[in-house]
1. Could you list, in sequence order, all residues of the range 56-91 that are under 12 Å from T154 (Cα atoms) and touching a residue at least 60 places away in the same chain (Cβ under 8 Å)?
2. Say whether the condition of being open to solvent by less than 60 Å² (accessible area, probe 1.4 Å), hydroxyl-bearing (S, T, Y) and within 13 Å of ligand 1 (Cβ to nearest atom) is met by at least one residue in the range 196-207.
3. Within the range 38-62, which residues are over 22 Å from V95 (Cβ atoms) and within 13 Å of ligand 1 (Cβ to nearest atom)?
4. Within the range 6-38, work out how many residues are assigned to a strand (DSSP E or B) and within 24 Å of the chain's Cα centre (by Cα).
5. Could you list all residues from the range 158-170 that are in a helix (DSSP H, G or I), in contact with a helix residue (DSSP H, G or I) (Cβ under 7 Å, 6 or more places away or on another chain) and not small (G, A, S)?
6. Could you tell me how many of the residues in the range 124-160 are among the charged types (D, E, K, R) and within 16 Å of ligand 2 (Cβ to nearest atom)?
7. Say we look at the range 202-232 and pick out the residues that are outside any helix (DSSP H, G or I) and not hydrophobic (A, V, I, L, M, F, W, C); which of these is nearest to ligand 2 (Cβ to nearest atom)?
Amino acid sequence: MEITVKIFRYNPEKDQRGNYVTYKLEADPNDRVLDVLEYIKGKTDGALSFRRSCAHGVCGSDAMRINGRNRLACKVLVRDVGADITIEPLLGMKVVKDLIVDMEPFFDNYKKMKPYLINDSPLPENGRERLQSPEQRARFDEATKCILCAACTTSCPSFWASDQYFGPAAFVAAHRFVFDSRDEGASQRLMVLAETDGTVRCHTAYNCTEACPREIQITKAIGELKMAMMTGKID
Ligand code: SF4
Ligand code: FES
């Protein structure tokens, strides 16, 4: 099928502002949007810049707006988006070049959640591991699926209003450890979440949940964090 692909282009060394360049090409309906970008870069326009790594929905590096929705380019087929495709960088982040955005502020917010196990207690008697039941493990399982693609945070109206907002991806990282029975850092994380740029800015728009390529129930996770902050109970 013939497709028309309109891509946002911006080179800070040459351009005052971004513009759109349109390409017409033949594609198989089963091609992924990432294949289309690779084809354009390889055959037509070597300067086109975008991130990608695994090409299988695992690394999270190729999140971008495809026909107005945040998606992973490697997980979207041409037949799913049609013959007219518009590709733009994620909203609310500084564009470095074309479809590449500056992810540093995103990862700074992620780090604020202390995304690692905090437990200074002596190891249990077996001396090797802190045991956990399957139910305790299941409590935070969903949050472990996050690939830090930023599709959620950059689809959130609160983030568009202020890029200081920690954002849903950071909250998912907090949820991963707050509800881990082996972790002892919940109170530290809940204090961070209570800051002005924390969960109070979440207005339950559900955009994050709809955007997540891993189908993580982000809004529910944020609700559980809010409840833990209000009641002081982690269960
Ligand atoms: Fe991406 Fe989902 Fe993780 Fe947000 S929660 S960063 S959308 S994988
Ligand atoms: Fe890794 Fe798409 S390239 S998730």
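The values are calculated or read from the model by the stated rules, or taken from the named source; none is laboratory data. Since the structure is predicted, the reported quantities are computational estimates derived from the model, not experimental observations. For neighbour counting, all protein chains shown are included, and Cβ atoms are generated from backbone atoms with ideal geometry for every residue, glycine included. All accessible areas refer to the heavy atoms of the entire protein, side chains included, with ligands and DNA or RNA removed. Shrake-Rupley method; radii C 1.70, N 1.55, O 1.52, S 1.80 Å.
1. Listed by number, the residues that qualify are A63, R69, N70, R71, P89, L90, L91.
2. No, every residue in the range 196-207 fails to be open to solvent by less than 60 Å² (accessible area, probe 1.4 Å), hydroxyl-bearing (S, T, Y) and within 13 Å of ligand 1 (Cβ to nearest atom).
3. From the range 38-62, those over 22 Å from V95 (Cβ atoms) are 39, 42-43, 54-58; that's our starting set.
Scanning the range 38-62 gives G57, V58.
4. Residues flagged as assigned to a strand (DSSP E or B) and within 24 Å of the chain's Cα centre (by Cα) within the range 6-38 amount to 5.
5. Scanning the range 158-170 gives F159, P168.
6. 1
7. Here the answer is P213.
Matching residues to (1) modelled with pLDDT under 95; (2) open to solvent by 50 Å² or more (accessible area, probe 1.4 Å); (3) hydroxyl-bearing (S, T, Y):
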| residue | (1), (2), (3) |
| --- | --- |
| A47 | no, yes, no |
| S53 | no, yes, yes |
| L91 | no, yes, no |
| K94 | no, yes, no |
| D98 | no, no, no |
